Structures are given as structure tokens and as C-alpha cells.
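Peer 1: Can you read through this structure? Questions will come right after.
No value in this document is a laboratory result; all are computed from the given coordinates. Only a predicted model underlies this, so the values are computations on that prediction, with no experimental measurement involved. Cβ placement follows ideal geometry from the backbone for every residue including glycine, while neighbour counts extend to all protein chains displayed.
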Amino acid sequence: MTTDFVGALRAHSRQYHDQHPLHVRMNAGECDPRQIRGWVANRFYYQENIPRKDAAILANCPDPAVRRRWVRRITDHDGTGPGEGGIEAWLRLGEAAGLTREELLDHRHLVPSARFAVDAYVGFARTRPWVEAVASSLTELFAPDLMAERLAAFEKHYTWIDPQGLAYFRARLEQAPRDSEHALEVVTTHCRDAASQALAVRALSFKCDVLWSLMDAIDRAYPS
Ligand SMILES: O=C(O)c1cc(C(=O)O)c2c(n1)C(=O)C(=O)c1cc(C(=O)O)[nH]c1-2
């Protein structure tokens with residue numbers, strides 16, 4: 001039963017946003033600087049909100065052992081001091097791509113439907129049972145392959161971006177497998193019957209929709 005359940009979760013790789021036309025064009029080297037900058041600026045809103053989403057999971061989770069491991073995600077993104085962490089690394093990616101910090105932080109490029117998609121993810125974590133919110137993070141099972149592909153594509157096609165700006169993706173290559181392994185452990189431990197397993201699968205499907213909608217929003221805002 002657990003094997004079927006894990007299989008059903010893993011099968012969502014087919015709905016993952018690596019297949020989105022914008023990612024396909026990006027990784028083929030077909031985006032122009034305006035489109036790359038638009039993606040970086042809009043994705044920044046996702047990055048900013050990941051720790052708020054994880055704080056909502058912590059707030060709803062009654063298990064100290066889970067919280068002790070989950071809290072690491074917040075420091076991965078926020079760092080333990082100024083100038084550290086994933087959000088800072090994304091700001092440096094923006095600078096390497098020719099965007100100022102200010103224009104990322106003040107959301108001047110953020111389009112309404114990108115905001116809407118990200119807010120839906122945070123709202124899901126705040127309002128749904130915490131195990132479902134954990135299940136929704138399992139897109140990270142599929143992220144490392146996309147990160148590796150993106151790193152290679154950026155180094156090859158977008159040489160106008162300083163490669164030091166790509167440090168965020170290198171860090172995620174290690175963080176994402178660790179995080180998704182923990183999330184999978186939590187979900188398989190807590191979802192023992194068909195009903196709870198179906199809810200976990202639905203949560204992951206919802207998250208695939210969030211990521212796909214975010215890419216749709218960016219693609220529409222910066223047409224070729
Ligand atoms: O660039 C990407 O394609 C991508 C995808 C995902 C994902 O699959 O949810 C995350 C990230 N990046 C990411 O950088 C990240 O920190 C992250 C956290 C989470 C999550 O749901 O908790 N997903 C992702």
C-alpha cells in the first residue's frame with residue numbers, strides 16, 4: 001500500500017513545471033534577457049514566501065521531532081544573519097542578471113497572477129492540515145533534475161549572467177533531496193489509510209498547479 005502511495009506521489013513528475021513551455025524554452029537557451037529577468041523577478045516572490053509557508057507548517061505541527069527538522073528550511077532561506085541564506089542568494093542572482101535589489105524587493109515587476117499563485121500556496125499551508133501541507137512540498141522530489149538542467153543551461157546559453165550568481169541553484173541541489181526525503185518520511189508515516197493518502201496526493205497535485213500557474217503568469221507577462 002505504501003509502495004502504491006509513493007508511486008502515486010512520484011507519478012506527479014509528469015505534472016511538474018519542468019515541462020512548462022517557458023522552462024523548456026529557458027533550458028534550450030531561447031529566452032532573451034528581458035524574459036530571464038522577468039522570471040527572476042517574479043520567482044523572487046515565491047522565494048520570499050517559502051519561509052512563511054514553512055512557518056505556517058511549523059505553527060500547525062504538534063510533533064517536536066518533525067518541527068526540529070522542518071525549522072532548518074527557514075534558516076536555509078533566511079540565513080542566520082544578514083547577507084546569508086537562499087533569499088539573499090536569489091537577490092544576488094537578480095544582480096548577476098542585471099536587476100537591482102530594490103526592484104526585486106519592491107515587487108514592481110510582480111504580475112497579479114504570479115502573486116495569486118504564490119499566495120495560494122501560503123494559504124494552503126495556513127489552512128489545511130499540516131500533513132497535507134507537508135505533502136504539497138513534495139514537488140521538491142522532482143526539483144534537483146530541473147536545477148541541474150537549469151545550471152547547465154545558464155552556464156552555456158546565458159553567459160551574460162555572472163556564474164557566481166547561480167550559487168542559489170547549486171545549494172538547492174543538496175538541500176532539495178534532504179528536504180524531500182524528510183517530507184516523504186512524514187507523509188508515509190502519517191498517511192496510513194486510503195483517505196489520508198488520497199488527500200496527500202491531491203495536495204501534491206494542487207502544488208503542481210501552483211508552480212504551473214506561476215510559470216503561465218510569467219510566460220504571459222514576457223511574450224516572445
Ligand atoms: O526552481 C524550481 O524549479 C524550484 C521548484 C521548487 C518546487 O518544486 O517546489 C522549489 C524551489 N525551486 C526552491 O528553490 C525552493 O526553495 C523550494 C521550496 C519548496 C517547497 O515547496 O517547500 N519548493 C521549492
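Peer 1: Give segment 170-184 a look and list any residue that's surrounded by fewer than 18 Cβ atoms within 10 Å (Cβ to Cβ) and without any contact (Cβ under 8 Å) to a residue 60 or more places away in the chain, or say none.
Peer 2: Scanning segment 170-184 gives Arg170, Leu173, Glu174, Pro177, Arg178, Glu181.
Peer 1: Is there a residue in segment 144-156 that is within 30 Å of Pro64 (Cβ to Cβ), out of contact with any strand residue (DSSP E or B) (no Cβ under 8 Å at 6 or more places or on another chain) and either within 14 Å of the ligand (Cβ to nearest atom) or of a type in the set (Ser, Thr, Tyr) (or both)? Give the steps one after another, and end with the answer.
Peer 2: If we filter segment 144-156 for residues that are within 30 Å of Pro64 (Cβ to Cβ), which is where we start, we get 144.
Filter once more, so that each one left must be out of contact with any strand residue (DSSP E or B) (no Cβ under 8 Å at 6 or more places or on another chain): 144.
If we keep only those that are either within 14 Å of the ligand (Cβ to nearest atom) or of a type in the set (Ser, Thr, Tyr) (or both) as well, we get 144.
Yes - at least one qualifying residue is present in segment 144-156.
Peer 1: For the subset of segment 185-204 comprising residues that are within 16 Å of the ligand (Cβ to nearest atom) and surrounded by fewer than 16 Cβ atoms within 10 Å (Cβ to Cβ), which member is nearest to Asp119 (Cα to Cα)?
Peer 2: Only one residue fits best here, namely Arg202.
Peer 1: So for segment 35-45 (the condition being in contact with a His (Cβ under 8 Å, 6 or more places away or on another chain), of a type in the set (Ser, Thr, Tyr) and either more than 30 Å from Ser196 (Cβ to Cβ) or within 15 Å of the ligand (Cβ to nearest atom) (or both)), does at least one residue qualify?
Peer 2: For segment 35-45, residues in contact with a His (Cβ under 8 Å, 6 or more places away or on another chain), of a type in the set (Ser, Thr, Tyr) and either more than 30 Å from Ser196 (Cβ to Cβ) or within 15 Å of the ligand (Cβ to nearest atom) (or both): present.
Peer 1: Output the number of residues of segment 63-80 satisfying the condition of being farther than 13 Å from Ala183 by Cα and touching a residue at least 40 places away in the same chain (Cβ under 8 Å).
Peer 2: The qualifying residues number 1.
Peer 1: For a quick check of your reading of the model, give me the residue pairs whose first member lies in segment 137-155 and is free of Cβ contacts under 8 Å to residues at least 24 places away in the same chain, whose second is outside any helix (DSSP H, G or I) and more than 8 Å from the ligand (Cβ to nearest atom), with beta-carbon atoms closer than 8 Å and at least 6 apart or on different chains.
Peer 2: Taking only residues 6 or more apart or on different chains, the pairs are Phe154/Ile161.
Peer 1: Something else about it: Which residues, taken from segment 49-68, are away from the ligand (no atom under 11 Å from the Cβ) and either surrounded by fewer than 15 Cβ atoms within 10 Å (Cβ to Cβ) or acidic (Asp, Glu) (or both)?
Peer 2: Scanning segment 49-68 gives Ala59, Pro62, Asp63, Pro64, Ala65, Arg67, Arg68.
Peer 1: Could you pull out the residue among Thr159, Thr80 that is within 19 Å of Asn27 (Cβ to Cβ) and more than 16 Å from the ligand (Cβ to nearest atom)? Step through it out loud before you land on a result.
Peer 2: Values: Thr80 fails: within 19 Å of Asn27 (Cβ to Cβ).
Residue meeting the stated conditions: Thr159.
Yes/no matrix, rows are residues, columns are (1) hydrophobic (A, V, I, L, M, F, W, C); (2) out of contact with any Lys or Arg (no Cβ under 6 Å at 6 or more places or on another chain):
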| residue | (1), (2) |
| --- | --- |
| Phe5 | yes, yes |
| Gln15 | no, yes |
| Arg37 | no, yes |
| Tyr46 | no, yes |
| Cys61 | yes, no |
| Val66 | yes, yes |
| Asp78 | no, yes |
| Gly81 | no, yes |
| Leu91 | yes, no |
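Peer 1: Restricting segment 106-160 to residues that are under 16 Å from the mean Cα position of the chain (by Cα) and β-branched (Val, Ile, Thr), which is farthest from Leu214 (Cα to Cα)?
Peer 2: So in segment 106-160, the residues under 16 Å from the mean Cα position of the chain (by Cα) come out as 114-125, 133-151.
Adding the requirement that they be β-branched (Val, Ile, Thr) leaves 118, 122, 134, 139.
Values: Val118: 7, Val122: 13, Val134: 20, Thr139: 14 Å.
Result: Val134.
Peer 1: Scan (1) closer than 20 Å to Ala217 by Cα; (2) without any contact (Cβ under 8 Å) to a residue 12 or more places away in the chain for the single condition Tyr45 breaks and write down its number.
Peer 2: Failing condition for Tyr45: (2).
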